[in-house]
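For reference, the structure discussed in these notes is given below.
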Amino acid sequence: MLKIFYILFLLPVFFSCQSGKSVTIYPNKVGNIVFDKNIDSPDFKRCMDKDYGIQYYSVNDSNGLLYKGEKFAIIQELEKLNLSSSKKTNGYITIRFVVNCEGKTGFFRVQQMNDNYLEENWDKDFSVKLLNFTKSLNGWIAKESRGTKLDYYQYLTYKITDGKVSEILP
């Protein structure tokens, strides 16, 4: 009787062991941007591993926005264009992208949110104009850490007030 008790006790232990390899659908890091042949230029090349980049805040020598003239230069360029939306809406348009070790940009992703931070696509024309403006910025500074050139993720968030850019974040 005692042997049967031991067998019944150990039987679930043997069957609970898993020997298979676990597979995940999640990226190595949240927010990785992977190449999409439908929207990304095949001419843009990363310098590091294929689908990996350092977050803009991850390197010790990060002193804010790595752009020649910093955010002030970006604001001046944007003011020259005098962009506005035909819709007098409020919200945010965030454009994320990769800056490679040569200071070139690619893999742009756009997200629109209303002023309650809920995803919303309220003005495609205006977001395309801001995307094209962001793509035209050519003063990005390449990152290097301990003698190794790095690719890094960067973003610009445009705060929209009454259909115009009122602030650029970060």
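If we count every other residue with Cβ under 13 angstrom of PHE108's Cβ, Lys/Arg +1 and Asp/Glu -1, where does the sum land? Result for the neighbourhood of PHE108: +2. Protection proxy ranking, highest mean first, for peptides 84-92, 152-160: 152-160, 84-92, where packing is the per-residue count of other beta-carbon atoms within 10 Å, averaged. Spin-label model, LYS149 to GLN76: label points 7 Å out along the Cα-to-beta-carbon direction sit 2.7 nm apart. Would you list, by chain and number, the aspartates and glutamates whose Cα falls below 18 Å from the Cα of LYS87, excluding same-chain residues fewer than 8 positions away? Qualifying aspartates and glutamates at Cα under 18 Å: ASP115, GLU119, GLU120, ASP123, ASP125, ASP162, GLU167. Each residue, VAL128 and VAL34, gets one label point 7 Å from its Cα in the Cβ direction; the gap between the two is 2.8 nm. For the pair ASP115 and LYS45, label points projected 7 Å from Cα toward Cβ lie 4.7 nm apart.
The value obtained for the range 33-169, namely the Cα convex hull volume divided by the number of residues, is 113 Å³ per residue. Projecting the Cα atoms of GLY69, ILE160, LEU83 onto the dipole axis of the range 33-169, where Lys and Arg carry +1 and Asp and Glu carry -1 at the beta carbon, places GLY69 farthest toward the positive end.
Filter LYS45/LYS159; LYS37/LYS80; LYS45/LYS80; LYS80/LYS143; LYS37/LYS88; LYS129/LYS159 down to the pairs with a C-alpha to C-alpha distance above 24 Å, please. From the list (LYS45/LYS159; LYS37/LYS80; LYS45/LYS80; LYS80/LYS143; LYS37/LYS88; LYS129/LYS159), the Cα-Cα distance tops 24 Å for LYS45/LYS159; LYS37/LYS80; LYS45/LYS80; LYS80/LYS143; LYS37/LYS88.
The numbers here are math on the coordinates, done by the rules we state, and not lab data. From a predicted model like this one, the values you see are computed outputs, not experimental measurements. Reconstructed Cβ throughout: ideal geometry from the backbone, glycine too, with neighbour counts over all protein chains shown.
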